[in-house]
């Protein structure tokens, strides 16, 4: 018997078929694979370690530019850059830095996704 799985906000997560043995199996038509393509998309990375963040800055050729931007910021921002163990993508300081560098939201997502692989 087919059933629809929904997330907490009511969006459809998948269409499944309940088999007689009691196991659920995805029941999707091959003619519309895009329908649930978002289910197979990699999760967006929301934070990375300081090591990952700095390595990605270095590999992107941005480390010196970011250090120069940080040096112009207040003491708390400078301390956060120097001593944080984790860099959170959506923090106000992080967003201000990426805006100053001219990054688009997609580029920010890409930067964090790449950094998470290091």
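Laid out as a table, the results:
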{"quantity": "Hits in region 89-118 (condition: surrounded by fewer than 13 Cβ atoms within 10 Å (Cβ to Cβ) and within 15 Å of the chain's Cα centre (by Cα))", "calculated": "90, 104, 105, 106, 107, 117"}
{"quantity": "Breaking point among (1) under 15 Å from the mean Cα position of the chain (by Cα); (2) outside any helix (DSSP H, G or I), for residue 73", "calculated": "(1)"}
{"quantity": "Residue count for region 82-99, restricted to those that are under 22 Å from residue 44 (Cα atoms) and part of a helix (DSSP H, G or I)", "calculated": "8"}
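No value in this document is a laboratory result; all are computed from the given coordinates. Quick caveat: nothing in here was measured; it's all calculated off a predicted structure. When we count neighbours, we look across all protein chains shown, and the Cβ atoms used for this are built from the backbone with ideal geometry, even at glycine.
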